[in-house]
């Protein structure tokens, strides 16, 4: 058994606390909830072009994994974090802070797609200060909040 001197343990703990560990971490996925995860997957496909890449059927409900891609194969090959649609018993849960944030190229088209797919806008898009960025806030059919960001072209 290797015994490290107490100072080595203290220095290691200090380095971890100072933030050296986060460089070893990355975002794996985002989990949001819905009563009908399969229907919600169709919403995210219609609005954001996400495809179902896998599905897990649990006794409590179905988990649907989605990712960006023009086809299912492209979405499966996409190395970006996936979004996991996780079953919950009710869509009546209201959380004013937690939400998914999407960067969009065309705010107007995205808003139209959200409304056409059964979502709604809680705050219509408007400029964010004098930055050239436009922000909008929506809700998917399961009540999950969505923030939309359209940055100026070239950013």
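The values are calculated or read from the model by the stated rules, or taken from the named source; none is laboratory data. Nothing here was measured: the structure is a model prediction, and the numbers come from that model. Here the Cβ positions follow ideal geometry from the backbone for every residue, glycine too, while neighbour counts run over all protein chains shown.
General observations
- Any hit, the range 33-45, residues being surrounded by 15 or more Cβ atoms within 10 Å (Cβ to Cβ), in a strand (DSSP E or B) and at pLDDT 95 or above: no
- Condition check for residue 109: out of contact with any strand residue (DSSP E or B) (no Cβ under 9 Å at 6 or more places or on another chain), within 13 Å of residue 49 (Cα to Cα) and surrounded by fewer than 16 Cβ atoms within 10 Å (Cβ to Cβ): yes
- Single condition residue 69 does not satisfy, out of (1) at pLDDT 95 or above; (2) within 20 Å of residue 145 (Cβ to Cβ); (3) touching a helix residue (DSSP H, G or I) at 6+ places or on another chain (Cβ under 7 Å): (2)
- Extreme residue, farthest from residue 40 (Cα to Cα), among residues of the range 138-155 that are touching a residue at least 24 places away in the same chain (Cβ under 8 Å) and surrounded by fewer than 17 Cβ atoms within 10 Å (Cβ to Cβ): 151
- Any hit, the range 48-57, residues being assigned to a strand (DSSP E or B), out of contact with any helix residue (DSSP H, G or I) (no Cβ under 9 Å at 6 or more places or on another chain) and farther than 21 Å from residue 137 by Cα: yes
- Residue identified as over 30 Å from residue 153 (Cβ atoms), surrounded by 12 or more Cβ atoms within 10 Å (Cβ to Cβ) and without any contact (Cβ under 8 Å) to a residue 40 or more places away in the chain among 65, 86: 65
- Qualifying positions in the range 90-144 - part of a helix (DSSP H, G or I) and in contact with a helix residue (DSSP H, G or I) (Cβ under 8 Å, 6 or more places away or on another chain): 110, 113, 114, 116
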